[in-house]
1. Quote the relative contact order of region 230-334 in percent (integer), defining contacts as alpha-carbon pairs under 8 Å separated by 6+ residues.
2. Where nothing but the Cβ of Lys and Arg (+1) and of Asp and Glu (-1) is charged, how large is the charge dipole of region 207-358 around its Cα centre, in debye to the nearest 20?
3. Take each complete run of DSSP H in the chain, measure how far its Cα atoms stretch along the helix's own axis, and keep only those covering 20 Å or more with mean Kyte-Doolittle hydropathy at least -0.5; list them.
4. Between Asn329 and Val125, what FRET efficiency follows from the Cβ-Cβ distance if R0 is 35 Å, with the result rounded to 0.05?
5. With a point put 7 Å past each Cα toward its Cβ, work out how far Leu115 is from Leu299 in nm, to one decimal.
6. Could you work out the relative contact order of region 46-168? I mean the mean sequence separation of Cα pairs under 8 Å and 6+ apart, divided by the number of residues, in percent.
7. Under 13 Å from the Cβ of Asn118, count the other residues' Cβ atoms, weight Lys and Arg +1, Asp and Glu -1, and hand me the total.
8. Name the residue farthest towards the positive end of the dipole of region 202-281 from the options Gln277, Ile265, Ile230, assuming +1 on Cβ of Lys and Arg, -1 on Cβ of Asp and Glu, about the Cα centre.
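The values are calculated or read from the model by the stated rules, or taken from the named source; none is laboratory data. Note that the structure is a prediction, hence the values are computed from the model and not measured. Cβ placement follows ideal geometry from the backbone for every residue including glycine, while neighbour counts extend to all protein chains displayed. To get the accessible areas, we keep the full protein, side chains included, count just its heavy atoms, and leave off ligands, DNA and RNA. Shrake-Rupley method; radii C 1.70, N 1.55, O 1.52, S 1.80 Å.
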Amino acid sequence: MSMPQQAEPAVGKPPASGPRQSDGRTARRPLALRLLARPEVGVFLGAVAVLVFFLITAPPVRDGSSMANILYQSSTIGIMALPVALLMIGGEFDLSAGVAVISSALTASMLSYQLTLNVWTGVIVALIASLAIGAFNGWMVVKTGLPSFLVTLGTFLILQGVNLAVTKLVTGNVATDDISDMDGFDQARKIFASSFDVGGVQVKITVVWWLVFAALATWVLLRTKYGNWIFAVGGNQDSARAVGVPVKFTKITLFMLVGFGAWFIGMHNLFSFNTVQSGEGVGQELIYIAAAVIGGCLLTGGYGSAIGPVFGAFMFGMVQQGIVYAGWNPDWFKAFLGVMLLGAVLINLWVQRTATRR
C-alpha cells in the first residue's frame, strides 16, 4: 500500500524569473497615452503652434505691449468660456450668454444713471438679475425636460429684444448714457477694468481675474464633490440621480455660474467704455462655446477641463490680434476660427480614440 503523496509547500519555490505577467485590465498604459487622455493636451499643443506661427509671421507680436493686448482679448473670452465649459461638461448649452453680458451692463448703467444712484447699486442689481436669468434657464431645462438649446435660444431672443426696446424707451437712444462722473465709478473701474504696470507694459486686470477664475474652476472640478456632480450629470444624469447626485441643483447652479460670468464681463464692458450699445453681444455665445470645444469639452457632456478653455480662449485672442499684427485682411478672422474649431473637434476625436485604445 503506497503512502499518499504530499504537496510541496509553495514557499519552498523561488519566484519564476522573467517579465511579470498581467492581464489587459491591470496593465499600466504608456505615459504618452495617459497624457493624451487629458482633455487639455491637444489644445495646449495647438496654442503653442499658433503662437509660434504668429511669432514668425507677425514680428509685432514679439513686443510686450502686443502680447499684453493679446492676453487682454483672450481674457474677455476666457472668463466667459470657463462657466460655459463647466455647463457643457454638465451636458447643457447656453445660447443666451452673449446677449446676457449686454443685459447685465445695461441694467447696471440705466438703473444707476436714471435713478441717480451710486453705481455700486446698479452693479449689485445687475448681479441679481444675471443670476436670476441663469436660474430661470436652469429651472426651465430641469422642469420641462426640453433641450437647453431650445430653452436658451428662446432666452436669447427675449433678451435681445428687451435690450433694444427698453434702452430706446428709457434713454431715447440705442446706447446708454455716460456714467463716468457718477459716485462709485472710479472704485468699480479699479476692480473690473483697471490696468497695472509689469516691466513697462500695461496689463489689464481681466487677465488676472481670468487666471484666478481658471484656478478656482480647476479646483472645483478636480477636488470637490460638486465637481464630481458636474461630471456625473453630464455623463448620464439618470445614473447620477440613482446614486444620489442632486441633478436639478447641479444644472441650475451651472446656469447661474454662466449668469455670473455674463455679469462680470458686462461690468468690465461698462466700466471700460462708460456706456453700452444695446445691440451688441449677438454671436458672442458661439465664440464662448467654440473656445470650450477647442479646449477639449465634448458637445455630449461628461468630459472636459477648466484649463483647456483657457488655451482655447488664448488661441482665439492670438488669432484675432495676430491677423491684425501680420497686416492681413481681418475679414479672414472668422474663417480662421472655423478652421480652428473643425481642427480641434477632429483632434479631440483622435485623442479620445487613441487614449482609450488598449
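1. Details: 69 pairs, mean separation 24.5, N = 105.
Taking the mean separation of contacting Cα pairs over the length of region 230-334, I get 23 percent.
2. Details: 9 positive and 4 negative charges, 145 e Å.
Using only the charged Cβ atoms, the result is roughly 700 debye.
3. Working: long enough: 41-57 (24 Å, 2.79); 64-89 (35 Å, 1.30); 97-114 (25 Å, 1.14); 119-144 (37 Å, 1.59); 148-171 (33 Å, 1.51); 205-223 (27 Å, 1.90); 247-273 (39 Å, 1.20); 307-325 (27 Å, 1.27); 333-355 (32 Å, 1.36).
Answer set is 41-57, 64-89, 97-114, 119-144, 148-171, 205-223, 247-273, 307-325, 333-355.
4. Working: r = 42 Å, r/R0 = 1.21.
The formula returns an efficiency of 0.25 here.
5. It is 4.3 nm.
6. Values: 77 pairs, mean separation 31.7, N = 123.
Computed over region 46-168, the figure is 26 percent.
7. Working: positive: none; negative: Asp181, Asp183, Asp186.
Overall, the nearby charge balance is -3.
8. After comparing all options, I get Ile230.
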